[in-house]
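Novice: Encoded as structure tokens, here's the structure I'll be asking about.
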Amino acid sequence: MRANCWMGRNSVKVEEVPEPTIMNARDAIVRITSTAVCGSDLHLVDGYIPTMKKGDVLGHEFMGDVVEVGREVRNLRIGDRVVVPFPISCGRCGACERGLYSVCENSNPNAGLAEHLFGHSPAGIFGYSHLLGGYAGGQAEYARVPFADVGPIKIEDDLPDEKVLFLSDIFPTAWMGAEMCEIRGGETIAVWGAGPVGQLAVRSAYLMGAERVICIDRFPYRLQLARDRAGAEIINYEETDVLEALNEMTAGRGPDACIDAVGSEAHHPSGPLHAYDRSKQAVRLETDRPVALREAIMSCRNGGIVSVIGAYGGFVDKFPMGSLMNRSLTLRSGQCHVQRYTRPLLDRIRRGEIDPSFVITHRMRLDEAPQAYDIFKHKQDECVKVVLTV
Ligand code: NAD
Ligand code: ZN
Ligand code: ZN
């Protein structure tokens, strides 16, 4: 079958690879119909997540039709149409029982590797390095889905792929980012990053009752989408000082909660801290550039919440711990516990409360994956989100 493979830093290629087969009684094989490229894939392609191997199949946002099931998978039948969550979760361990699916204790066969870096291992993730399980991903014609009795959600009505595909990742991720802000109604929320995750975080915060949502980025076309389609107020950080602007907008107090939807490869508008991060990262003394995270912490109102859904891989420098501690901030984060959100969010899509497909700007074929990565990474052609049909 054809699959999009990681071939080294800044290189992906559609290759012929062996088709997956059932390996465990709880596996299913899915014939993929639609898959997407995520901001998290860029961290792999840019070489910031260790333990990728040449030929690894990429992709963790996918959906399709079940073509084979293991003997213990009783909830799915051949022909069912499913969306597959990106974390691989057993559904039975202590973490899964508490709804913490992305830290499942049973799905990372390379847990020992992850323990070296993180202390304890999180769940395995499709197409996301050997550190996180070495599972083949979903930018392919077929995928093996472990614990298929837990993760995949059946789509029983005729909603098109584009409306439900993002239940695999970016919609629940954005939703969790907003949920961690403990919105009760009337709050002001700031979102760093107007990428697909940031856009959906803006919409999620409004759906939860936020009064104002402010989105920060530097690409005018992404900010315009956040304003026009998600309803955000916008700040272009290349034109305006973010801390000052947020203070002005909130009577000097700062937003009630701040969402980092940027992650470890944040861009910095030059200056000494930029040079510091770039040079330390270049010699691998700092793995991540926490530019947006620092700003989110400094901007948040006293006693507020900083919600981190942007992905980080290792260690950060110049972390404003003093600001966090002295101002009683709460820091929350996580890879999304997708399985917790798929059902309620599918219901919201079905009721027409939200259509996450508004972020799609590019529709391409799996064979065009290398070009899709290029366009998405370099924000060419006003790209926000690419969906690949298979
Ligand atoms: P993306 O790369 O399209 O979007 C990131 C946006 O951040 C870009 O528009 C960029 O211009 C902006 N940005 C960069 N530096 C900035 C700064 N200093 N201030 C404000 N904005 C800045 O990616 P995406 O698909 O939207 O994903 C966003 C992040 O979410 C990534 O780190 C991704 O890995 C992560 N993610 C996490 C989860 C999870 O489960 N926690 C799931 C999906 C994605
Ligand atoms: Zn993702
Ligand atoms: Zn588990």
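The values are calculated or read from the model by the stated rules, or taken from the named source; none is laboratory data. Values in this document were obtained by computation on a predicted structure and should not be read as measured data. We place every Cβ from the backbone using ideal geometry, glycine too, and count neighbours over all the protein chains shown. For accessibility, only protein heavy atoms count, side chains too; no ligands or nucleic acids. Shrake-Rupley method; radii C 1.70, N 1.55, O 1.52, S 1.80 Å.
Novice: What span do the alpha-carbon atoms of the range 171-333 cover on each of the three principal axes, reported in whole Å from largest to smallest?
Specialist: Here the Cα extents, ordered largest to smallest, are 44, 36, 31 Å.
Novice: From Cα pairs below 8 angstrom and at least 6 apart in sequence, can you work out the relative contact order of the range 171-333, rounded to a whole percent?
Specialist: It rounds to 22 percent for the range 171-333.
Novice: Kirkwood Rh over Cα pairs of the range 109-162 into Stokes-Einstein at 37 °C, 0.692 mPa s: D in µm²/s?
Specialist: 251
Novice: Count the lysine pairs in the chain whose Cα atoms sit under 16 Å apart, keeping only pairs 8 or more residues apart in sequence or on different chains.
Specialist: Summing the qualifying lysine pairs gives 7.
Novice: From the phi of every residue in the range 88-98, what ³J(HN,Hα) in whole Hz does the Karplus formula 6.51 cos²θ - 1.76 cosθ + 1.60 yield, where θ is phi - 60° and glycine or proline is x?
Specialist: Running phi through 6.51 cos²θ - 1.76 cosθ + 1.60 with θ = phi - 60° gives 9, 9, 6, x, 10, 7, x, 5, 4, 4, 8 Hz.
Novice: So, counting K/R as plus one and D/E as minus one, what does the shell of residues with Cβ under 13 Å around VAL73 add up to?
Specialist: With Lys, Arg at +1 and Asp, Glu at -1, the neighbours total +1.
Novice: How would you order 370-383, 162-175, 269-282, 97-110 from highest to lowest mean count of nearby Cβ atoms within 10 Å? Numbers along the way, then the final one.
Specialist: Numbers: 370-383: 16.4, 162-175: 26.6, 269-282: 13.1, 97-110: 19.6.
Ranking, from highest mean packing down: 162-175, 97-110, 370-383, 269-282.
Novice: Relative contact order, percent, of the chain when contacts are C-alpha pairs under 8 Å separated by at least 6 residues?
Specialist: 17
Novice: Still on this structure, please answer the following. How many angstrom lie between the C-alpha centres of the range 142-191 and the range 301-315?
Specialist: So the separation of the two Cα centres works out to 20 Å.
Novice: Starting from the eigenvalues of the Cα gyration tensor, five times each then square-rooted, give me the equivalent ellipsoid semi-axes of the range 188-270, largest first, whole Å.
Specialist: On the way: eigenvalues 59, 51, 26 Å².
Whole-Å semi-axes of the equivalent ellipsoid: 17, 16, 11.
Novice: On the principal axes of its Cα set, how long, how wide and how thick is the chain? Give whole Å, largest value first.
Specialist: If we take the Cα atoms of the chain, the spans are 60, 49, 44 Å.
Novice: Taking only the Cα atoms of the range 264-390, how large is their convex hull per residue, in Å³? If you can, show how the numbers build up before the last one.
Specialist: Numbers: hull volume 22.1 nm³, N = 127.
Enclosed volume per residue, from the Cα hull, is 174 Å³.
Novice: Would you mind getting the accessible area per residue of the range 171-333, heavy atoms of the protein chains only, 1.4 Å probe, in Å²?
Specialist: Accessible surface, normalised per residue, equals 41 Å².
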